[in-house]
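The values are calculated or read from the model by the stated rules, or taken from the named source; none is laboratory data. Just so it is clear, the model here is predicted, and its values are computed rather than measured. So basically every Cβ, Gly included, is an ideal-geometry build from the backbone, and we count neighbours across all protein chains shown.
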């Protein structure tokens, strides 16, 4: 029996808190114990244990880029896509560096150690582009590290030797410009991201990261050395992601 209204309210509040805590603890425990991991290795059909990229298309298939080829996981088994000499409808190299699922949800861009490939996941047809020393408008380097699209819908390709923008079957090169305003100061292009505001970002292996300026077709640098008091930790930017609040 409650002696006063004050004591009664305090006890009710305490009991409510205890019940809430027990409910939260028990639900967290159930959620934690319900998580399980399925291991995929050579025994399950993975062609190579070196996995470099993963994407899921709009039909639910998971695409796995490995150091031994491209594979598609359907929930039960793997299908292998690998290079076949003299067959132009195969990936150009079995070492996959990056994967980019296009905005249509079915076109998969593949960055390899032998050039760029485009796979129509519905038909299985593959197109490829590579560096050709005699063609200045070809891909600047065969090792493709990153792929992305900007707000204008244009495809960008990051390589070991600079950044390219794809125009049809040709490529526009954005060469490294050491200490030059509007230029990227690194040849290694590690990551590309179009954020929710429409800004296109470039992360590099040694030159910090950059925002593409459409109006001048140039880049604004964000480097450890040019942001006193607000500098990034390192000029080696391996990956750029955006959270739900719009922060990079």
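Kindly establish whether residue 1 is at pLDDT below 90 and under 22 Å from the mean Cα position of the chain (by Cα). Answer is no for this residue.
Filtering 171, 219 for residues that are more than 20 Å from residue 116 (Cα to Cα) and part of a strand (DSSP E or B) leaves a single hit, 219. Checking 49, 80 one by one, the residue that is farther than 26 Å from residue 150 by Cβ and touching a helix residue (DSSP H, G or I) at 6+ places or on another chain (Cβ under 9 Å) is 49 and no other. Taking each residue of the stretch 193-206 that is outside the structural domain of residue 156 (by TED's automatic domain parsing) and within 13 Å of residue 152 (Cα to Cα) and looking for partners that are buried (at least 17 other Cβ atoms within 10 Å of the Cβ) and at pLDDT below 95 with beta-carbon atoms closer than 8 Å, six or more apart or interchain, yields nothing.
Conditions tested, residue by residue: (1) in a loop (DSSP other than H, G, I, E, B); (2) modelled with pLDDT under 95; (3) within 19 Å of residue 55 (Cβ to Cβ).
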site: 89; (1), (2), (3): yes, yes, no
site: 92; (1), (2), (3): yes, no, yes
site: 97; (1), (2), (3): no, no, yes
site: 100; (1), (2), (3): no, no, yes
site: 104; (1), (2), (3): yes, yes, yes
site: 117; (1), (2), (3): no, no, yes
site: 124; (1), (2), (3): yes, yes, yes
site: 132; (1), (2), (3): yes, no, no
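Restrict the check to the stretch 174-187 and report whether at least one residue is within 16 Å of the chain's Cα centre (by Cα) and at negative phi. Checked the stretch 174-187: no residue is within 16 Å of the chain's Cα centre (by Cα) and at negative phi.
Checking every residue in the stretch 110-123 against the condition of being assigned by TED's automatic domain parsing to the domain that holds residue 82, more than 19 Å from the chain's Cα centre (by Cα), closer than 17 Å to residue 169 by Cα and exposed (fewer than 12 other Cβ atoms within 10 Å of the Cβ) gives zero matches. Among residues of the stretch 197-216 being part of a strand (DSSP E or B) and surrounded by 18 or more Cβ atoms within 10 Å (Cβ to Cβ), the one that is modelled with the lowest pLDDT is 209.
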